[in-house]
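Worksheet: the structure to be examined is printed underneath.
The values are calculated or read from the model by the stated rules, or taken from the named source; none is laboratory data. Please read all numbers here as calculations on a predicted model, not as lab measurements. With ideal geometry, Cβ positions are generated from the backbone for all residues, glycine too; neighbour counts draw on all protein chains shown. Just the protein is used for accessible areas: all its heavy atoms, side chains included, with ligands, DNA and RNA removed. Shrake-Rupley method; radii C 1.70, N 1.55, O 1.52, S 1.80 Å.
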Amino acid sequence: MPESDLSLLIDAAEEAGRIANRYFQKDVKVWHKPDEAGPVTEADLAVDEMLRKGLTSARPDYGWLSEETTDSRERLAQDRVFIVDPIDGTRAFIDGGRDWGHSLAVVEKGVVLAAAVHLPQRNVTYAAALGRGATRNGLPIVASRRVNLDAAQVLTTRPNLEPQHWRATAPPPFHRAFRSSLAFRLCLVAEGRFDAMLTLRPTWEWDVAAGSLIVAEASGAVSDRLGSHPLFNNPHPQINGMVAGGKVLHEQLIDALV
């Protein structure tokens, strides 16, 4: 059931934070993945190992998809799958910033049932179960009810403002902000601290699966960049970008994008 899965994810995410903190702001070993796929640290690998062993032991009939584990097509034959980013925001982790965390989700036949995002350096845990609402440190959260993109606070990278992405050859006059972790960006939208977020590049599922449910359960709206509802545990585990926000602003962003 989503409720018991949610408790499992929260406990695992908080344990991941304890492990990652042992490496944080230390002389951590760093490797660079092929094809400019980004850095990975010994902390990523230690967290991944703990999560994989702990979660799959607790739910041996669930599949496994993680950024730091070699993918296997076996997951495609399993009804439920863990989708995990051991450390989302690895560059921030390496740089000594606080905006990194652990993103964990349970997906059934493409739909996220339970999700937890834990940011140990901010002492915050976001969580949601399908149909049960979303929380920040156990308290309910609600997405922005703003109805106008003008002067809205939107989390995105600078390249997403380039004219080729927008029907009017320029984005609406919102204020841009940035956080390193996609999961954290989604959670900030879910709690209403920011009005919306968007990422327009092909997006790895482990970056956004958990956060997408947290936004949706906080009465927000989530889609890919074309407005379609995202489904997870795809053979190639990417979706076509992500747009999330309060329901009115989400619709306005989708209408404004090419």
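Using only side-chain charges placed at the Cβ, +1 for Lys and Arg and -1 for Asp and Glu, the dipole size of the chain relative to its Cα centre rounds to 600 debye. Once the C-beta distance of LEU226 and ALA58 is scaled by a Förster radius of 30 Å, the resulting FRET efficiency is 0.25 to the nearest 0.05. Starting from the Cα gyration tensor of region 164-258, take the square roots of the eigenvalues, sort them a ≥ b ≥ c, and report rounded, prolate or oblate (rounded when a/c is under 1.5, otherwise prolate if a/b is larger than b/c, else oblate). Cα axes put region 164-258 in the oblate bin. All other residues whose Cβ lies under 12 angstrom from that of ARG179 are scored, Lys and Arg at +1 and Asp and Glu at -1, for a net of +4. Note on GLU251 and ARG158: their simple-model spin labels are 3.4 nm apart, each label 7 Å out from Cα toward Cβ. For THR69, neighbours were defined as the other residues whose beta-carbon sits under 14 Å from its Cβ, and their charges (Lys and Arg +1, Asp and Glu -1) total -4.
Just add up the charged neighbours of ARG122: K/R +1, D/E -1, any other residue whose Cβ is under 10 Å from the Cβ of ARG122. Once all neighbours under 10 Å are counted, the net charge is 0.
For the residue pairs LYS33/LYS247; LYS53/LYS109; LYS109/LYS247, the alpha carbons lie more than 29 Å apart in LYS33/LYS247.
Of the Cα atoms belonging to region 91-230, the radius of gyration and Dmax stand at 14.7, 42 Å. Across the chain, Cα-Cα pairs farther apart than 35 Å form 10% of the total. Computed in the context of the full set of protein chains, the accessible area of region 1-117 at 1.4 Å probe radius has 48% of its extent on carbon or sulfur.
Here region 144-258 is treated with +1 on each Lys and Arg Cβ and -1 on each Asp and Glu Cβ, and its dipole about the Cα centre works out to around 240 debye. Residues whose amide H comes within less than 5 Å of that of GLY63, counting only those at least five positions distant or on another chain, are ARG80, VAL81, PHE82 (H built at 1.01 Å from N in the peptide plane). Accessible area per residue for the chain is 45 Å², calculated with a 1.4 Å probe on protein heavy atoms, without ligands, DNA or RNA.
Quick one: grab the alpha carbon gyration tensor of region 102-152, order the square roots of its eigenvalues as a ≥ b ≥ c, and give me rounded if a/c is under 1.5, else prolate or oblate depending on whether a/b is larger than b/c. Oblate is the answer for region 102-152, as a/c is 1.5 or above yet b/c matches or exceeds a/b.
Under the combined filter of DSSP loop state and at most 13 neighbouring Cβ atoms within 10 Å, region 50-129 retains these trypsin sites (Lys or Arg not before Pro): LYS109. The convex hull drawn around the Cα atoms of region 144-216, when projected onto a plane and averaged over every direction, covers 4.9 nm². In terms of the Cα gyration tensor, with a ≥ b ≥ c the square roots of its eigenvalues, is region 8-70 rounded because a/c is under 1.5, prolate because a/b exceeds b/c, or oblate? Oblate, because a/c is 1.5 or more while a/b does not exceed b/c.
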